[in-house]
Amino acid sequence: MNSMRILLFFAFIFYFFQSIPLHAQNSASAIYQDIKKLGVVGSVLYIAAHPDDENTRLITYLANDRLLRTGYLSLTRGDGGQNLIGQEQGVELGLIRTQELLAARRIDGGEQFFTRAFDFGYSKTPVETFAIWDRDKILQDVVLVIRKFKPDVVITRFPTTGEGGHGHHTASAILAEEAVEAAADPSKFPEQLVVTGGAWKVKRLFWNTFNFGGNSTIREDQLKIEVGGYNRFIGKSYGEIAAESRSQHKSQGFGVPVTRGESFEYFKLLKGPPVKKDFFEEISVSWSGRYQQVHIEKLIDSLLTYYDWVQPEKSTAGLLKLYAELSKVAADNWSQQKLREVKELLLKVNGIYLEASTSQPYTVSGDSLQVYCLAIDRLGSSAVLTKISIGEHLVFAGAQPLMTNKGFNVGIKFQVSNSIPITQPYWLMKPLQKGYYDVNDFLQIGKPENDPVFVAIMQLQWGGQLIPFNVPVRYKFTD
């Protein structure tokens, strides 16, 4: 039984990585858009109750047109819904829908979060919902995600007044409003502050009004945003991308047909200063406006100005300089986020592929695990591989130049420590409570799935700069 649980874990990890994120594609045009995104330091968090409640077109627009860091917080994992692709129900269905949401986010460019709330099925009212959920615990989770993600703007799918129908829907809106207030108050859930870096004040809260189910909550005096545009860098409209993302909800048969052309979304302002035309009026999303880091902005502008569409690898020197300068900036939420993005871009512009894989679908404590590591620089950027380690195990140390389009392979076989516990989703480590998953670790709450058990740290060097890359060990097989 123990080994089977680990088997499921490795399959879980493989599923996460088997498709390439749309926003992480490596074409020259996609790379250019990613460089543009380095200059944007603004974020939006969308909040609703279930998988499929999110406005996929809006998430696509925010992430790919506005280049904002965009997240979706689903209070539940959809454990209480129907399943059109199998017999799984309850907790098992929640696992499937978790992966469906992650697949959707890999396409539309958003990030995914959850609370501990369990979807117990249809609820008529928020009163009934809160009687089953532990209201304080779920509020605590929404506050925690807000404080970790640090959104400038929060958007709810549903209103607090009940037009959304389902009790979970209304409850999600009520909790979102309460959480926006509580997240800014350090006296609320103060035990979180160590892991969140303090309280966080959201600038504006909106309700994304709607017209479905014969119920229109749209008014022409609301904020109106056109979200149906065409992205020349991706080669698709936001309607096309959104349809692909929406169609990942396979257990619900919730795909939608592709739409193209003009499309509007409407928003009612609930908290924050009034707006006329945009969510971010009077909110700066630039390095110079928000942090007075003019030199960071100039470096990004230079990368864009001198970008070589035929040879993107020529951006390597500029990205290395930007990485060095970002490393000097105070280690806050945005500097760390942009450092991660620059590291990804260094791999993309050079066609560098790093992999740590195993042919073993599972292992057990005390047994051995064979891992194969691959580093290949397909364009030739003078990168040197200096070190590979997996936990306490040193796989490689030296100075291995990565030759153009010639892979460097190295393997290691090590014994799995007896201290590593049986792997299963973190929210299932303890018995399910009446209306929520029993999780007490603030470092885990909010995450869509477990962190990988084994990670290869592969260190590359360009000139005098050493940059480490975390590469999860994946189970690899031919389908």
| request: Restricting attention to helices (runs of 4 or more DSSP H) lying wholly within the range 163-254, give those where 1 or more residues are more than 25 Å from the chain's Cα centre (by Cα) and without any contact (Cβ under 8 Å) to a residue 60 or more places away in the chain. | output: 167-183
| task | Tell me the helices (runs of 4 or more DSSP H) entirely within the range 256-356 that contain at least 2 residues that are open to solvent by 70 Å² or more (accessible area, probe 1.4 Å) and over 16 Å from Asp152 (Cα atoms). | result | 294-305, 316-328, 333-350
| Among the residues of the range 201-223, which ones are open to solvent by 70 Å² or more (accessible area, probe 1.4 Å) and farther than 23 Å from Ser284 by Cβ? | Asn211, Phe212, Gly213, Gly214, Arg219, Glu220, Asp221
| Could you count how many residues in the range 67-102 are in contact with a strand residue (DSSP E or B) (Cβ under 8 Å, 6 or more places away or on another chain), part of a loop (DSSP other than H, G, I, E, B) and not polar (S, T, N, Q)? | 3
| Out of Ala104, Ala131, which single residue is touching a Gly at 6+ places or on another chain (Cβ under 9 Å) and either open to solvent by 30 Å² or more (accessible area, probe 1.4 Å) or over 30 Å from Gln33 (Cβ atoms) (or both)? | Ala131
| remark: Across the range 294-333, the tally of residues that are over 17 Å from Lys36 (Cβ atoms) and among the polar types (S, T, N, Q) stands at 4
| message | Name the residue that is least open to solvent (accessible area, probe 1.4 Å), counting only residues in the range 357-378 that are free of Cβ contacts under 8 Å to residues at least 40 places away in the same chain and over 23 Å from Trp309 (Cα atoms). | response | Leu374
| For Glu111, are the conditions met, namely being open to solvent by 10 Å² or more (accessible area, probe 1.4 Å), modelled with pLDDT under 95 and within 22 Å of Glu449 (Cα to Cα)? | no
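The values are calculated or read from the model by the stated rules, or taken from the named source; none is laboratory data. Everything numeric here is computed off the predicted structure, so don't read it as measured data. Every residue, glycine among them, receives a Cβ derived from its backbone with ideal geometry; neighbour counts consider all protein chains shown. To get the accessible areas, we keep the full protein, side chains included, count just its heavy atoms, and leave off ligands, DNA and RNA. Shrake-Rupley method; radii C 1.70, N 1.55, O 1.52, S 1.80 Å.
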